[in-house]
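I have placed the structure first, in the form of structure tokens, so that the comments after it can refer back to it.
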Amino acid sequence: MVKRDLYRNILIGLIIVAVLTILRLFVLEPIRIHNNNMAPILPKKTQVFAIKRTRLDNLDLVAYRHNGKKYVGRVIGTPGQSVIAMDNIVYVDQKILKEPYIKKNQTTYLKTHDENFTTDFRQDKLGKDSYWILNDARDVLDDSREFGAIPQKDILGELKFKYAPISDFGFVENDEAKIENGFENK
């Protein structure tokens with residue numbers, strides 16, 4: 001009886017380990033936010049799960065790798081789109097991108113600086129499997145403005161679920177800007 005219970009518990013433990021390993025390898029990528037580049041949506045020390053192999057749309061929050069280092073950002077341009085920034089306004093395919101998620105950071109920055117919050121750039125028609133990704137804290141250039149277009153193979157996944165700190169536990173709220181720009185049904 002005791003021996004049978006021991007074997008059963010070991011088998012259950014092995015099944016749990018196998019399921020968690022499969023989830024980690026093929027479905028989830030745990031990401032820890034080390035800076036405030038995506039604040040206030042994802043402040044420093046937030047831990048999130050990135051869902052691997054999802055179809056990415058404009059304004060999705062993603063984790064990606066560049067030169068062996070992990071970064072997080074917001075997809076501004078998808079394959080085939082052109083992205084331009086002039087005078088703190090971002091255009092996607094010649095349409096103004098409404099960016100309510102940067103208002104707080106932009107207001108704070110412009111109180112103490114004379115230059116643009118979003119540095120000017122131009123990216124004509126993104127190539128196949130290439131994405132233009134920007135931080136919400138636009139004064140930090142660790143994004144496509146410095147790295148160029150990010151290949152899809154370097155994108156680790158879409159940031160979907162916050163698991164730490166426990167007070168922030170839940171889904172990443174990112175629908176407001178998508179709806180405002182008409183990207184919610186794509």
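Check which residues have an amide H placed less than 5 Å from L28's amide H, if you skip close sequence neighbours. Here K52 satisfy the definition.
A cut-off of 5 Å between modelled amide H atoms, ignoring neighbours fewer than 5 places along the same chain, links F161 with F49, V172.
For the chain, with a Gaussian network of springs between Cα atoms less than 10 Å apart, report the residue from K111, K70, K103 with the top mean-square fluctuation. Result for the chain, Cα springs under 10 Å: K111 fluctuates most. In order along region 76-83, the Karplus-derived 3J(HN,Hα) couplings, from 6.51 cos²θ - 1.76 cosθ + 1.60 at θ = phi - 60°, round to 9, x, 10, x, x, 8, 9, 10 Hz, and Gly and Pro are given as x. For region 6-15, backbone phi angles converted through the Karplus equation (6.51, -1.76, 1.60; θ = phi - 60°) give residue-by-residue couplings of 4, 4, 4, 5, 5, 4, 4, x, 5, 5 Hz, Gly and Pro being listed as x.
The HN-Hα couplings worked out from phi for region 19-36 by the Karplus form 6.51 cos²θ - 1.76 cosθ + 1.60 (θ = phi - 60°) are 5, 5, 5, 5, 4, 5, 6, 10, 10, 10, 10, x, 10, 10, 7, 9, 8, 9 Hz, whole numbers, x standing for Gly and Pro.
Using a Gaussian network model of the chain in which every pair of alpha carbons under 10 angstrom is joined by a spring, one finds that among F161, F147, F49 the greatest mean-square fluctuation is at F147.
How would region 1-70 be classified by its alpha-carbon gyration tensor: rounded, prolate or oblate, with rounded meaning a/c under 1.5 and the a/b versus b/c comparison settling the rest? Show your work: numbers first, answer last.
Values: a/c = 3.48, a/b = 2.59, b/c = 1.34.
It is prolate, given that a/c is not under 1.5 and a/b is the larger ratio.
Of interest is the spacing of the C-alpha centroids, which for region 36-57 and region 126-186 amounts to 7 Å.
In the elastic network of the chain, a GNM with C-alpha springs shorter than 10 Å, the most mobile of D143, D120, D60 is D120.
Would region 29-181 count as rounded, prolate or oblate if I go by the C-alpha gyration tensor, calling it rounded below 1.5 in a/c and otherwise prolate when a/b exceeds b/c, oblate otherwise? Let's see the in-between values first.
Details: a/c = 1.57, a/b = 1.15, b/c = 1.36.
In terms of gyration-tensor shape, oblate.
Every number here is computed from the coordinates shown, using simple stated rules; none is lab data. Because the structure is a prediction, the values reported are computed rather than measured.
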